[in-house]
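Peer 1: Can you read through this structure? Questions will come right after.
The values are calculated or read from the model by the stated rules, or taken from the named source; none is laboratory data. This structure is a prediction, so every number in the text was calculated from the model and none was measured. A quick note on method: Cβ atoms are made from the backbone with ideal geometry, for glycine too, and the neighbour counts reach across all protein chains shown.
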Amino acid sequence: MPSFRIGVDTGGTFTDLVVVDDAEGRRRTIKVPSTPGQPAAAVFEALRRSDVPAEEIELFVLGTTVATNCLLERKGQRVLFLTTKGFEDIPFIQRINRKSLFDIQWVKPTPYVARPDCIGVRERVAFDGSVRVPLEDEELERVVTEVARRAEESPEPISVAVSLLFSYVRPDHERRLAAALRERVPDVPVSVSSEIAPIWREYERANTVIVNSYLRRLVGRFAGDLDEELARRGARVPCLLVKSNGGQIPARAAADNAVNLILSGLAGGLIAGRHFAAQLGRPDVVTLDMGGTSCDVGVVVQGRIRSTTQYEFEWGLPIAVPVVDLTTIGAGGSSIVSFDQGGLLKVGPESAGAEPGPAAYGLGGTDATVTDANLVLGRLNPDYFLGGEVALDAGRAGAAVAAIAERLGVSLEEGAQAVVEVATENMANAIRLLATNRGLDYRRFELMAFGGAGPLHAALLARRVGLAGVLVPPSPGLTSAFGTLAADLRVDRRATRVLRSDQAVDGELRGGLERVAQEALDELGGEAEVRDPLLTLTVSCRYLGQNYEQEIGVTLETDDLVRLTVERFHEAHERTYGYRIAEGVVEFVYLTAVAIQHRDPPPALTLPELGAPQPVASRPVYFKELGWVETPIYRREHLGRDIELGGPLIVEEVDSTTVVLDGQIVRTHPQGSLVIVEAHALEQDELVPAGLEARRA
Amino acid sequence: MPDPVFLKILHSQFVNICEEMAVAMMRTAYSPIFNEGLDFSFLILDENGDLVAMANMNPAMLGQALFSGRWVIDDVGADEFEPGDVIVHNDPYRGGSHMPEHLLVTPFFFDGKRRGFLGTVGHVAEIGGMAPGSFSSNATEIYQEGLRLPPVKLVRGGKHVQETWRIMLANHRTPEHTWGDFNAMIGALSIGQRRLEALYEEHGVEQIAEAVPSLFDYAEAWMRRDISELADGTYSAEDCQEDDGFADRPYFIRCDLTIAGDRVIVDYSRSDEQARGVINGPYVVTASATYNGIFQVIGSECPINAGAFRPIDIIAPAGTVVNVRHPGPCVGGQTELQPRILDLIQGKILSQIVPERCAAACGGTSCNFLFGGIHPRTGHYYAHYNFEGIGWGGRRTTDGNNAQIVPHGNCQNTPLEVFETRYPWLHSEYRLNPDGGGAGRTRGGLGITRVMTVEADEIVVSALCDRSKVSPWGVDGGGSGERLAFLVRRDGDEEFRTFSEAFGTISPTKFSNVRLERGDAVLLRSPSGGGYGPPWERPVAHVLEDVASGFVSVARARADYGVVLGTDGGVDEAATRALREELARGVG
């Protein structure tokens, strides 16, 4: 019985589809232009081209940027925001700080809700959960009637967001309000803060639930279309979407949790990064997904993807739901090179996009871009970009970069090198900040580079940051699509429960954890068939007086839960910040359960024995330390297992180009990845690629 | 000159290290003023104490970042630093700004030699003195404003200096917070130390030593280029703080700013004599605000380091409100004089040259509100320093932002849920002030109203605010923003009254140690920004949007903007045209 697994990544420029044929043990990839107006169209066009019969699909998973683009383009639906009376302006007041220090012209971000649509509700809960102003029935009636009236009069469908003060301590009022609304105006979807994001800090919580409401309609429609169309074509499995936390969710459940899809399209890369890292036996990697317009940097620590609940699409508009921990910077192949006011070189964040794209595309772009610089340096092959589908015009690239070089007063190649250096430094800063913000010593990490442009810059970037090496997975340009298939089913549940370690709270802590654990398992069970799920429990801790927490992993298999948690927190604080406050009281704030149903990833490739590879060509390539060097060019498909080559060299394949620098060595891993290390580091055994250990011995 | 690409990279690496220290600080500090308010910054200094880089945090610390390093070296002695030292310093008479602002600085050694310093400047919420929160509007000498520390070692060679700690902890009202906050600062500095070591390992001592002066030159050249684009001449203007807490009279800051080619000379010689109260600033505060006002208009993306300030000379005679003489008090200079100078520079002086890059006056006060006492739930002493967002002034093409911290600083509010969890208050309102924004072609931003009730037997409160008598001004025909009100309603009373009426304080907005009791409520209405350009030139559609959003009432749409709305909410176009012509003539 044939069965196919299909993973789809809908990017800004291309929609990539990966088919894994489990019966035959093969995989195929399809790339079609994206259809931003109707994202589902490109998905089904790719499916059509794959020739996979719908009824033989065993798994269909998709990472989507629908929610991402809806936020970026501000195309969400009208939201009514209900909050405690007297506090209707919280989305407008925000946190009162600003993005840039010295810019009196700076404009504060506009909330995703209009001010007249913020409705006050007479009720008040205090910090300790005590009710200071009860939510009376008449007030409930008044609010529900008002919402019904507005829904009736609104020319467009509305969606309600509820966030009352201190609802994370006592959600009763929010629940009553939601129940009444759902009964009276069943067509109007209601999102409730104590369900979506039960966290303290009223603005962050409110904005999160507002975003959920804002996204509901678009996400619901897109997900519904996909699911229906797939069923109409005879598929027997539901469509799954990748969530921002790196897990999967059935498309039909997506609308209620729309805010959980904000990074759906970006998570695939990180999941694939983890997958390949595991395959290579590497616990710690930094992932670098660099495409045309931007570059996403993430981390895998001890084989796991980290998540965060602090994310902002637009500065000042925080979204507090679990998302895979990624940083995005405006550094891609099409990033434009310019000069800042002081005359120093600047790369990005402006992008030439896919059209006109880099000057080298010959589509009318004249600004120099990172791709143009790489072409000038001989690192890209003008006749083999995207496997030859896009011809690059070296003359136009040279002219664009020459203008930059002239202003710098340097030669053409030095100018191009400077562009690459600055772009690399932007990425290096992103990696350093991401790592140190999270208390990670990045020097033991390796760089997993993919996306069309990632492997082009990885060798220099790893050297610059001092990372332990570079890993390039097979088909780096399609890694994200592949990643959707490697995603697990995952549910995150969180509760706020403020407890102090110096009070006898063992039972309360345990009870709270058991409750969130059960909720997470129940929700996971509701989404899919679950066998032996993996459950992770954490307690967010801080010293009494601090306002930010660290998540501490705990287990219920202990007699002394509080002492265990406190000890682990001391250790974590010391590891991250260099000190502990041994006598400090520890406060427990959030209890989190993550339930994961592991999925078997697609089977690994096995590289054939192909013998010593021969370069397909050689060409002059410019390197900062060496100048122009006649450099051998290899084809990825010619590199069989157990190959070891010394740089400088270039490896080309259909969807990407890998650069290996002088002083570096590249090896092939039996399962297809390239491993690049500094030659001088090879003396240290722990850096030997796992697949080569046997041979060395 | 080193490779310019290397300079760019090095600069961003320095800033990056500062940002990393800042994140560590935010996540580990104890006081909401740090972990929510973000009232601190981090810096790297060279071996002479000159500023190499600063985090993009609170720019109010700029003056201290520029000046206090050299004072520390002079006071401690250039040869007296050893690895692992941390020096603490908050003296306004030795390069500090006001006493709550503490500089912690640690020497950076590499290859056995001192190469520079890492530092942080943070607003410590409680440092003793005559009022909880150490912000006493009734101080007349610096000795009343809290514990004054000349540069002394807090850590020596990696070991805490117990004597210093003991003196400090014995004089602060909330020693647990001092302990937690200072540990967070020291911890963050040690993170920076490790990062800077890695940077030196990466580039080498010589390359960095050669590059840092070039970075200064680079920033200096940037500023000179920007300054020389401004028309030469001397431009004058004045503004005031409305009282000093003692005498009901304004204190004027008068500024004559000269552009001479690629130099700027800012002369405050005509300013009023130093006040008896706390609204004075030391030179460092005046310089900080002056630089900040200039940077709001030119050089906003220029690297911030010692070189950027070389083309700017500031004259501020001692004994005036802009350069306080010992032992004058000065806690308010940092928070009240700074915004006044910043707006004076950008909105009244540089606006004469480049009006399109300037703004009308913002609300212009930090709305300092301090309170403390014995916490009814813990039995421990607590204190909190709260500031409020105000409205920003209108700009040439955009309305002023609502609810924004004064631009000389960049702090966050304390979320109400954090506030009430930590302190015994219950809020009943936290909202924008409709109709507050100064009318204009672009409107001033709206201030905030906060109403909260005491939930303890007693809370001792102090305030230091301004702009309750003198309105935030508009520019180019724009109207004034609404003034500040700081009111109290005693338990059982029906009405909110000023603190002068209710408690007999000399000033209604500058007072200390007022004892509030359970059930008393405080109302703070922060000022709104001024408008930019004649209001009757504001597009009718924008006025309608404001009315729909509730930012402007129907009555004020008519009175201020000349937009007449019918009962159906639609515009009466004929009446509007006529009224707008009349308003325009009235001014002409």
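Peer 1: Identify the single condition in (1) out of contact with any strand residue (DSSP E or B) (no Cβ under 8 Å at 6 or more places or on another chain); (2) without any contact (Cβ under 8 Å) to a residue 40 or more places away in the chain; (3) within 30 Å of A:D256 (Cβ to Cβ); (4) away from chain B (no Cβ under 14 Å) that A:L72 does not satisfy, given that it satisfies every other one.
Peer 2: Every condition holds for A:L72 apart from (2).
Peer 1: Shifting gears a bit: Is one or more of the residues making up region B:518-539 charged (D, E, K, R) and over 24 Å from B:P472 (Cα atoms)? Break it down stepwise before answering.
Peer 2: Taking region B:518-539 first, the residues charged (D, E, K, R) are B:518, B:520, B:525, B:537-538.
Going one step further and asking which of them are over 24 Å from B:P472 (Cα atoms), we end up with B:518, B:520.
Scanning region B:518-539, I find at least one residue that is charged (D, E, K, R) and over 24 Å from B:P472 (Cα atoms), so the answer is yes.
Peer 1: Out of region A:542-593, which residues are in a helix (DSSP H, G or I) and within 10 Å of chain B (Cβ to nearest Cβ)? Full working, then the answer.
Peer 2: Initial filter on region A:542-593 (in a helix (DSSP H, G or I)): A:561-577.
A:H573, A:E574, A:T576, A:Y577 - these are the residues of region A:542-593 that are in a helix (DSSP H, G or I) and within 10 Å of chain B (Cβ to nearest Cβ).
Peer 1: Of all residues in region A:441-458, which are within 13 Å of chain B (Cβ to nearest Cβ) and either surrounded by fewer than 19 Cβ atoms within 10 Å (Cβ to Cβ) or without any contact (Cβ under 8 Å) to a residue 40 or more places away in the chain (or both)?
Peer 2: The answer is A:D441, A:R443.
Peer 1: Any residue that is more than 14 Å from every other protein chain (Cβ to nearest Cβ) and closer than 23 Å to A:D103 by Cα - is there at least one of those in region B:45-60? Before you say what the answer is, go through the steps one by one.
Peer 2: Within region B:45-60, the first condition is being more than 14 Å from every other protein chain (Cβ to nearest Cβ), and the residues that meet it are B:45-52.
Now restrict to residues that are closer than 23 Å to A:D103 by Cα: B:51-52.
Scanning region B:45-60, I find at least one residue that is more than 14 Å from every other protein chain (Cβ to nearest Cβ) and closer than 23 Å to A:D103 by Cα, so the answer is yes.
Peer 1: Something else: Any residue at all in region A:459-476 that is surrounded by fewer than 20 Cβ atoms within 10 Å (Cβ to Cβ), on the phi < 0 side of the Ramachandran plot and within 14 Å of chain B (Cβ to nearest Cβ)?
Peer 2: Scanning region A:459-476 turns up at least one residue that is surrounded by fewer than 20 Cβ atoms within 10 Å (Cβ to Cβ), on the phi < 0 side of the Ramachandran plot and within 14 Å of chain B (Cβ to nearest Cβ).
Peer 1: How about region B:62-94: which of its residues are in a loop (DSSP other than H, G, I, E, B) and either of a type in the set (G, A, S) or in contact (Cβ under 8 Å) with a residue 12 or more places away in the chain (or both)?
Peer 2: Correct list: B:G77, B:A78, B:F81, B:E82, B:P83, B:G84, B:D85, B:N90, B:D91.
Peer 1: So which residues in region B:353-398 are within 12 Å of another protein chain (Cβ to nearest Cβ) and assigned to a strand (DSSP E or B), if there are any at all?
Peer 2: Matches in region B:353-398: B:A359, B:Y382, B:N386, B:I390, B:R395.
Peer 1: Could I ask something else about it? Got at least one residue in region B:228-247 being within 14 Å of chain A (Cβ to nearest Cβ) and at pLDDT 95 or above?
Peer 2: yes
Peer 1: Inside region A:5-68, counting only strands (runs of 3 or more DSSP E) that do not spill past its ends, which hold 2 or more residues that are without any contact (Cβ under 8 Å) to a residue 40 or more places away in the chain?
Peer 2: Answer list for region A:5-68: A:14-21, A:26-33.
Peer 1: Could you tell me whether region B:20-33 includes any residue that is more than 27 Å from B:A287 (Cα to Cα) and away from chain A (no Cβ under 14 Å)?
Peer 2: Within region B:20-33 (the criterion being more than 27 Å from B:A287 (Cα to Cα) and away from chain A (no Cβ under 14 Å)), the answer is no, since none of the residues qualifies.
Peer 1: With the condition kept exactly as written, say whether any residue in region B:320-334 is without any contact (Cβ under 8 Å) to a residue 60 or more places away in the chain, in contact with a Ser or Thr (Cβ under 7 Å, 6 or more places away or on another chain) and farther than 18 Å from B:L51 by Cα.
Peer 2: For region B:320-334, residues without any contact (Cβ under 8 Å) to a residue 60 or more places away in the chain, in contact with a Ser or Thr (Cβ under 7 Å, 6 or more places away or on another chain) and farther than 18 Å from B:L51 by Cα: present.
Peer 1: Just to confirm my filter: which helices (runs of 4 or more DSSP H) fall fully inside region A:176-293 and include at least 2 residues that are in contact (Cβ under 8 Å) with a residue 12 or more places away in the chain, more than 21 Å from the chain's Cα centre (by Cα) and over 30 Å from A:E355 (Cβ atoms)?
Peer 2: Output list reads A:193-196, A:202-232.
Peer 1: Going by the conditions given, is B:L38 aliphatic (A, V, I, L, M), within 28 Å of B:P339 (Cα to Cα) and more than 9 Å from chain A (Cβ to nearest Cβ)?
Peer 2: Against the criterion (aliphatic (A, V, I, L, M), within 28 Å of B:P339 (Cα to Cα) and more than 9 Å from chain A (Cβ to nearest Cβ)), B:L38 does not qualify.
Peer 1: Which one is surrounded by the fewest Cβ atoms within 10 Å (Cβ to Cβ) among residues in region A:573-593 that are within 26 Å of the chain's Cα centre (by Cα) and over 25 Å from B:S190 (Cα atoms)?
Peer 2: Checked region A:573-593; the qualifying residue surrounded by the fewest Cβ atoms within 10 Å (Cβ to Cβ) is A:V589.
Peer 1: Which one of these does B:F14 not meet: (1) under 30 Å from A:I404 (Cα atoms); (2) within 9 Å of another protein chain (Cβ to nearest Cβ)?
Peer 2: Of (1) under 30 Å from A:I404 (Cα atoms); (2) within 9 Å of another protein chain (Cβ to nearest Cβ), only one is false for B:F14: (2).
Peer 1: Confirm whether A:S163 is under 18 Å from A:D117 (Cα atoms) and within 14 Å of another protein chain (Cβ to nearest Cβ).
Peer 2: For A:S163, the condition - under 18 Å from A:D117 (Cα atoms) and within 14 Å of another protein chain (Cβ to nearest Cβ) - is met.
Peer 1: Looking at (1) in contact with a Lys or Arg (Cβ under 8 Å, 6 or more places away or on another chain); (2) hydroxyl-bearing (S, T, Y); (3) not in a helix (DSSP H, G or I), which is the one condition that is false for B:S97?
Peer 2: That leaves (1) as the condition not met.
Peer 1: Here's a follow-up. Looking only at region B:433-452, filter to residues that are under 21 Å from the mean Cα position of the chain (by Cα) and part of a strand (DSSP E or B); which one of those is nearest to B:S528 (Cα to Cα)?
Peer 2: Once the filter is applied, the top-ranked residue is B:I448.
Peer 1: Would you confirm whether any residue within region A:371-385 is within 27 Å of the chain's Cα centre (by Cα), part of a helix (DSSP H, G or I) and within 14 Å of chain B (Cβ to nearest Cβ)?
Peer 2: Scanning region A:371-385 turns up no residue that is within 27 Å of the chain's Cα centre (by Cα), part of a helix (DSSP H, G or I) and within 14 Å of chain B (Cβ to nearest Cβ).
Peer 1: If you don't mind, another one. For A:L544, which of the numbered conditions (1) closer than 21 Å to B:W179 by Cα; (2) exposed (fewer than 13 other Cβ atoms within 10 Å of the Cβ); (3) in contact with an Asp or Glu (Cβ under 7 Å, 6 or more places away or on another chain) fails to hold?
Peer 2: Going through the list (1) closer than 21 Å to B:W179 by Cα; (2) exposed (fewer than 13 other Cβ atoms within 10 Å of the Cβ); (3) in contact with an Asp or Glu (Cβ under 7 Å, 6 or more places away or on another chain), A:L544 breaks only (2).
Peer 1: With in contact with a Ser or Thr (Cβ under 9 Å, 6 or more places away or on another chain), under 21 Å from B:G281 (Cα atoms) and assigned by TED's automatic domain parsing to the domain that holds B:N16 as the only criterion, which of B:M99, B:M54 stands out?
Peer 2: Testing whether each residue is in contact with a Ser or Thr (Cβ under 9 Å, 6 or more places away or on another chain), under 21 Å from B:G281 (Cα atoms) and assigned by TED's automatic domain parsing to the domain that holds B:N16 leaves just B:M99.
Peer 1: Sort out which residues of region B:194-218 are over 15 Å from B:S12 (Cα atoms) and assigned to a helix (DSSP H, G or I), and write them in order of number.
Peer 2: Hits for region B:194-218 are B:R194, B:E197, B:E201, B:V205, B:E206, B:Q207, B:A209, B:E210, B:P213, B:D217.
Peer 1: Check off (1) at the interface with chain A (Cβ under 9 Å from one of its Cβ atoms); (2) more than 25 Å from the chain's Cα centre (by Cα); (3) free of Cβ contacts under 8 Å to residues at least 60 places away in the same chain for B:S428 and give me the number that stays unchecked.
Peer 2: So the condition that B:S428 fails would be (3).
Peer 1: Here is a list: B:T414, B:T320, B:T397. Which entry is closer than 30 Å to B:S549 by Cβ and out of contact with any helix residue (DSSP H, G or I) (no Cβ under 6 Å at 6 or more places or on another chain)?
Peer 2: Numbers: B:T414 fails: out of contact with any helix residue (DSSP H, G or I) (no Cβ under 6 Å at 6 or more places or on another chain); B:T320 fails: closer than 30 Å to B:S549 by Cβ.
The match here is B:T397.
Peer 1: Next question, about the same structure. Does region A:651-666 hold any residues that are assigned to a strand (DSSP E or B) and out of contact with any Phe, Trp or Tyr (no Cβ under 7 Å at 6 or more places or on another chain), and which are they?
Peer 2: So in region A:651-666, the residues assigned to a strand (DSSP E or B) come out as A:651-653, A:656-660, A:664-666.
Those that are assigned to a strand (DSSP E or B) and out of contact with any Phe, Trp or Tyr (no Cβ under 7 Å at 6 or more places or on another chain): A:E653, A:S656, A:T657, A:T658, A:V659, A:V660, A:Q664, A:I665, A:V666.
Peer 1: Within region B:121-130, is even one residue crowded, with 24+ Cβ neighbours inside 10 Å and either in contact with a Lys or Arg (Cβ under 8 Å, 6 or more places away or on another chain) or not assigned by TED's automatic domain parsing to the domain that holds B:R195 (or both)?
Peer 2: yes
Peer 1: Identify all residues within region B:47-96 that are at positive phi and within 20 Å of the chain's Cα centre (by Cα); write none if there are none.
Peer 2: B:G95
Peer 1: Also, I was wondering about something else. For region B:399-422, how many residues are buried (at least 24 other Cβ atoms within 10 Å of the Cβ) and more than 7 Å from every other protein chain (Cβ to nearest Cβ)?
Peer 2: Result for region B:399-422: 6.
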